[in-house]
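Below you'll find the structure, written out as structure tokens, and then a few comments.
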Amino acid sequence: MTKSDRPIPAKIEQRLMELLKMKEFDMQEVNWCRTTYWARRGDWHAILVACHDTALVRIATEAAAARAVEVRP
């Protein structure tokens, strides 16, 4: 089994699922975290921060789009 085939630790998988459920991360962001874990686990915190920053931009964009739709007469 190669590192890329290994499942990530259950604790991290659980946290990713919590973030997905709370809509903090989308499935693309979760999958990116899964695929980069073993290669970059030494800087896992940086991975989560980068993923979270990406999610915040996505959430802000989605919220702005929703507000724009609501404002239309």
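The values are calculated or read from the model by the stated rules, or taken from the named source; none is laboratory data. The structure displayed is predicted, hence computed values, not measured ones. All accessible areas refer to the heavy atoms of the entire protein, side chains included, with ligands and DNA or RNA removed. Shrake-Rupley method; radii C 1.70, N 1.55, O 1.52, S 1.80 Å.
Accessible area per residue for the chain in Å², computed with a 1.4 Å probe and the full protein assembly in place, what is it?
Per residue, the chain has an accessible area of 74 Å².
Angle between the Cα long axis of helix 10-21 and the longest principal axis of the chain, 0 to 90 degrees, nearest 10?
Between the helix axis and the principal axis of the chain, the angle is about 10 degrees.
Ignoring any ligand, DNA or RNA, what whole percent of the accessible area of the chain comes from carbon and sulfur when the probe is 1.4 angstrom?
Carbon and sulfur atoms account for 61 percent of the accessible area of the chain.
If I compute mean projected area of the Cα convex hull in nm² from the structure I just sent, which labelled value in (1) 7.0; (2) 4.7; (3) 5.2 lines up?
(3)
Quick check: residue separation of K11 and V69 times 0.36 nm, minus the Cα distance between them. What number comes out in nm?
Once the chain is fully extended between K11 and V69, it gains 17.0 nm.
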